[in-house]
Amino acid sequence: MRVAVLSDIHSNLVALDAVLASLGTVDAVWHLGDVVGYGPEPDGVVDRLTEIGAVGVRGNHDAAAAGGDEIDWFNPDARAAMEWTRAAIADRTRDWLTALPERHSERDFSLVHGSLREPLWEYIVSVPIARANLAVLTTPIGLYGHTHLPMVFAERDGAVEQVEPGDGSRFGFAGRRALVNPGSVGQPRDGIVTASYLVMDLDDQSCTWRRVSYDVGSTQAAMRDAGLPPRLIERLSYGL
Ligand code: ZN
């Protein structure tokens, strides 16, 4: 069984479609939240995920778009984009976002947006934070997003090792306990412009990170048409 894991799509339909076109055959698509926010096509992204039967969890941007007070914690650009998102989305999109759970598990995998401890908000960016979350992980593997950085924190002989995977990097998870981040589809922040995602082979018990180019200019043009903040438009050119 092959599963694609996508996170932080952020209303970037052009990037999502490039990812889906590059996948090959998969048996399931799981997402780790922040489906909307920042980008120009929230309805289009939710419609696409509905079409392909993706299952997943709620991110802080999804909660805010559904009407939550998470918006009060956003920086000015994120807040402006969220106010636009709230006004732009169709009722069916709001309902879909509202129905997303904060946590979900599939087989040996726990899915969250931020962390196991704080599914909406905590950023797993260091070994101490990863260790605290591995301590409360109830399945062998935790899948998380939120940082927009492809990453693995894996237990080995009582220690936690941190790995920053690149395009084509593979991680074998047989017998391991680890936290795994696919990176961001719609707004990468590791200095690489291309969309990042993960493909897992559950028979082989391994996962592989992939990067795929998309038409950044097309997303940026749609953002300009929507009147979204210039800094959010520009950052897509740098992957930051
Ligand atoms: Zn995000």
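The values are calculated or read from the model by the stated rules, or taken from the named source; none is laboratory data. Since the structure is predicted, the reported quantities are computational estimates derived from the model, not experimental observations. All Cβ positions, glycine included, derive from the backbone under ideal geometry; neighbour counts span all protein chains shown. We work out accessible area using only protein heavy atoms, side chains counted, and drop any ligands, DNA or RNA first. Shrake-Rupley method; radii C 1.70, N 1.55, O 1.52, S 1.80 Å.
Some points to look at:
- All told, Gly191 falls short of being open to solvent by less than 10 Å² (accessible area, probe 1.4 Å), in a loop (DSSP other than H, G, I, E, B) and within 28 Å of Ala21 (Cα to Cα).
- In the range 164-214, the residue that is nearest to the ligand (Cβ to nearest atom) out of those that are of a type in the set (Lys, Arg) and under 30 Å from Ile233 (Cα atoms) is Arg189.
- When residues of the range 139-163 are limited to those that are under 16 Å from the mean Cα position of the chain (by Cα) and assigned to a loop (DSSP other than H, G, I, E, B), the one farthest from the ligand (Cβ to nearest atom): Pro150
- Search result, residues across the range 119-144 that are in contact (Cβ under 8 Å) with a residue 60 or more places away in the chain and touching a strand residue (DSSP E or B) at 6+ places or on another chain (Cβ under 6 Å): Leu143, Tyr144
- Among (1) crowded, with 18+ Cβ neighbours inside 10 Å; (2) at positive phi, the one test that Gly227 misses: (1)
Here's the yes/no breakdown for (1) open to solvent by 10 Å² or more (accessible area, probe 1.4 Å); (2) aliphatic (A, V, I, L, M):
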| position | (1), (2) |
| --- | --- |
| Ala15 | no, yes |
| Ala18 | yes, yes |
| Val26 | yes, yes |
| Gly39 | no, no |
| Asp47 | yes, no |
| Gly53 | yes, no |
| Gly59 | no, no |
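- Of all residues in the range 117-138, those satisfying the criterion of being among the hydrophobic types (A, V, I, L, M, F, W, C) and within 16 Å of the ligand (Cβ to nearest atom) are Leu120, Trp121, Ile124, Val125.
- Within the range 164-179, restricting attention to residues that are open to solvent by 10 Å² or more (accessible area, probe 1.4 Å) and in a strand (DSSP E or B), the residue that is nearest to Ser126 (Cα to Cα) is Phe171.
- Members of the range 230-240 that are in contact with a helix residue (DSSP H, G or I) (Cβ under 7 Å, 6 or more places away or on another chain), open to solvent by less than 30 Å² (accessible area, probe 1.4 Å) and assigned to a loop (DSSP other than H, G, I, E, B): Leu236
- The test for being loosely packed, with under 15 Cβ neighbours inside 10 Å, of a type outside the set (A, V, I, L, M, F, W, C) and under 20 Å from His104 (Cα atoms) does not hold for Thr147.
- Leu111 fulfils the conditions (1) modelled with pLDDT under 95; (2) under 28 Å from Ala174 (Cβ atoms) except for a single criterion, (1).
- Filtered residue count, the range 196-209, keeping only those that are surrounded by fewer than 21 Cβ atoms within 10 Å (Cβ to Cβ) and either more than 25 Å from Ser169 (Cβ to Cβ) or under 17 Å from the mean Cα position of the chain (by Cα) (or both): 2
- For the range 89-129, a tally of residues being basic (Lys, Arg), within 19 Å of Met151 (Cβ to Cβ) and surrounded by fewer than 14 Cβ atoms within 10 Å (Cβ to Cβ) returns 0.
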